[in-house]
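Here's the structure, in structure tokens; my notes come after.
The values are calculated or read from the model by the stated rules, or taken from the named source; none is laboratory data. Just so it is clear, the model here is predicted, and its values are computed rather than measured. Counting neighbours? That spans all protein chains shown, and the Cβs are built from the backbone with ideal geometry, glycine included.
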Amino acid sequence: MRPLAELLRHLARPGVTELTLATGRPPMIRAGGGTYEPLDSANVTTDDVVRALQAMVGIARASTVTDAPSQWSITANGLGALSIAAMRRGDIMHLRLSRAAEAAASGAVPAPTAAGTSTTPPGQTGASAPQAGVGQASATTAVRRSGAGSATPGSSASAQQSASGYASAGNGASAQQGGASQTAASAQVASAASVAQEAARVQALSRLTGGARDLAVVLEQGRSSGASDIHVVAERPVLFRLAGDLVPQGGALDSTRVEGMLMPVVPERLRPVLERDGSCDFSLDSPAMGRFRVNVSRHRTGLKGTFRVIAREVPTLESLGLPSDIAKATHHHQGLIVVTGPSGHGKTSTLAALVDLINRETSHHVLTVEDPVEFVHPRKKALISQREVGTHTKTFGSALKGSLREDPDVIVVGELRDTETVRMALAAAETGHLLISTMNTPSAAKTIDRLIDLFPPADQQQVRLSLASGLRLIVSQRLMLGADGKSMVAAAEVLPGSVALGNLIRDNKTYQIPSLQQRGKSLGIIRFEDSLTDLVRAGKVKLEVAKGFVDNPDELEAMVTGRRPGAAVAAPETPQDGARLLSKMGSLMGRKGG
């Protein structure tokens, strides 16, 4: 069959209202007069029709097509709104794409067919031919789509999803047709270019077999449902992390099937590591599956794979819901920026947003060292060099040592894990480079203590001096369940570098940093409690959820409500109360004088 993008172009011809793909027949177009015209001499196979449908609505939705009619709506650049109708009977697949506006004007929009009747293209007869009059679902919705398989922020979803940009979002709706229940998921807007890209992805998927194909379908379903992580575990169902909770999908998978799904994606160089150490980490970037950060490990019942979903679009600070003032730190020509927080709370996304900001606004040379590479930054204004530990360099330390001779302006380190990496990072920050990295620490103050405590006592004073002069920004963030119960919202503590902060670090008085944060709003400091208060007052997070993230819940409640913690309403004083108080004071003073 000809490429899908080429067939779709025929819908732009004047008077053409429909493109039909049916098993055993050539591709056909239908003009306003109702006549069909073949586009090719070769017949279409069922696999051709399936791949075309998958390219437009995704693998998960295409797999739901049965003999009950299903319909989706998309909008393609240059073609406008398209109505997609599909049904399948056994090995026979039928797909119709109609131009919504022209088809409605000419009466050619497919309508529910009466029992025992069918309208088929000329030459297609017999009981085995699928009905051409695919019923229109009672509810279809078009949703914006920025690329194949990912949704832009603002998309609605029937499943739980991340609205802050920390995970991709999918969409679904339920519809009834002819008394039969069917799924009418809303397809997202796709340009002709994205349709071609999706077609290439589907073709890559068609070349997969066995466990690799099973894994690809699971990953596609997880991405489309808005999962941030996907767990494939022996003797357990597949688990999607949706809005912070693990939700099982389907039945349990036996250990043999899980091994068949996971082993094909483990790189050859890491298989000895998996056998020796019991686990390995790598990035998966496949045209058929998308991009994921992967950990494969062995446990009691067999293999376990954890897939962190990497959005196809690099996020921005705005889409992540973070303060725009964070961007100011990227204007420095040298120094240290650290993004902190627990594992799984969006540090990598924030790091990618900062790199993308530099990529869009400057012509700097940005060198990244990651384990593994997660977001792949497209070519924009800056020069981006991305290196992966284990593939392009042996360790973070060796990569940082070599980076100083690669003429970088900005160095990005995936994580400050050990003393050697921190030592090299501080040296790079002092020698005219802006270094950006992450750490798994709970707060800004504890991040500074951790950086210092990594070194032996004899070196700590020198580290304090380096941090006092070179620290530009610490961002400590948490992700928490939004007020809608479906999205994840970010709260951020922001501690920019300043003379006051530098003095506390230099004099070994980091225990006074919380006091500085309380009075340092004019310095651009944002306390974590202040960030939570703003989120609760804005209705983005419920108070009970926010109270679970602070050490003093009563203080947070007082900040939100404006009342002092534990304050009770005092009874009004009476003249008699005042007289008794004066009498008592006089009596006490008389005894003291005697």
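Does Gly524 satisfy the condition of being in contact with a Pro (Cβ under 8 Å, 6 or more places away or on another chain), at positive phi and of a type outside the set (Val, Ile, Thr)? So Gly524 fits the description; yes.
Looking across Asp554, Asp577, one residue alone is at pLDDT 90 or above and outside the structural domain of Gly520 (by TED's automatic domain parsing). It is Asp554. Among residues of the range 495-517 that are free of Cβ contacts under 8 Å to residues at least 60 places away in the same chain, those with a beta-carbon under 6 Å from a residue that is assigned to a strand (DSSP E or B) at least six positions away or on a different chain give the pairs Leu495/Ile474. Residues that are among the charged types (D, E, K, R) and over 13 Å from His94 (Cβ atoms) within the range 35-59 comprise Glu37, Asp40, Asp47, Arg51, listed in sequence order.
For the range 415-428, how many residues meet the condition of being under 12 Å from Val463 (Cα atoms) and of a type in the set (Gly, Ala, Ser)?
2
Would you mind stating whether Val369 is under 25 Å from His331 (Cβ atoms) and β-branched (Val, Ile, Thr)? Yes; evaluated as a whole, the condition is true for this residue.
Kindly indicate which of Arg223, Arg241, Arg257 is surrounded by 15 or more Cβ atoms within 10 Å (Cβ to Cβ), among the basic types (Lys, Arg), modelled with pLDDT under 95 and under 30 Å from Asp534 (Cα atoms).
Details: Arg223 fails: under 30 Å from Asp534 (Cα atoms); Arg257 fails: under 30 Å from Asp534 (Cα atoms).
Matching residue, one of Arg223, Arg241, Arg257: Arg241.
Only residues that are among the polar types (S, T, N, Q), surrounded by 15 or more Cβ atoms within 10 Å (Cβ to Cβ) and farther than 16 Å from Ala85 by Cβ were counted across the range 1-37, and they come to 0.
If you scan the range 61-72, which residues turn out to be at pLDDT below 85 and either in a loop (DSSP other than H, G, I, E, B) or surrounded by fewer than 22 Cβ atoms within 10 Å (Cβ to Cβ) (or both)? Across the range 61-72, the qualifying residues are Ser63, Thr64, Asp67, Ala68, Pro69. Among the candidates Gly341, Gly335, single out the residue that is assigned by TED's automatic domain parsing to the domain that holds Thr431 and either within 20 Å of the chain's Cα centre (by Cα) or among the acidic types (Asp, Glu) (or both). Answer to the check: Gly341. Candidates are the residues of the range 334-346 that are surrounded by 24 or more Cβ atoms within 10 Å (Cβ to Cβ) and of a type outside the set (Gly, Ala, Ser); the one that is farthest from Glu430 (Cα to Cα) is Thr340. Against the conditions (1) surrounded by fewer than 24 Cβ atoms within 10 Å (Cβ to Cβ); (2) in a loop (DSSP other than H, G, I, E, B), Thr421 satisfies every one except (2). In the range 251-286, of all residues being touching a helix residue (DSSP H, G or I) at 6+ places or on another chain (Cβ under 9 Å) and small (Gly, Ala, Ser), the one that is farthest from Ser225 (Cα to Cα) corresponds to Ser279.
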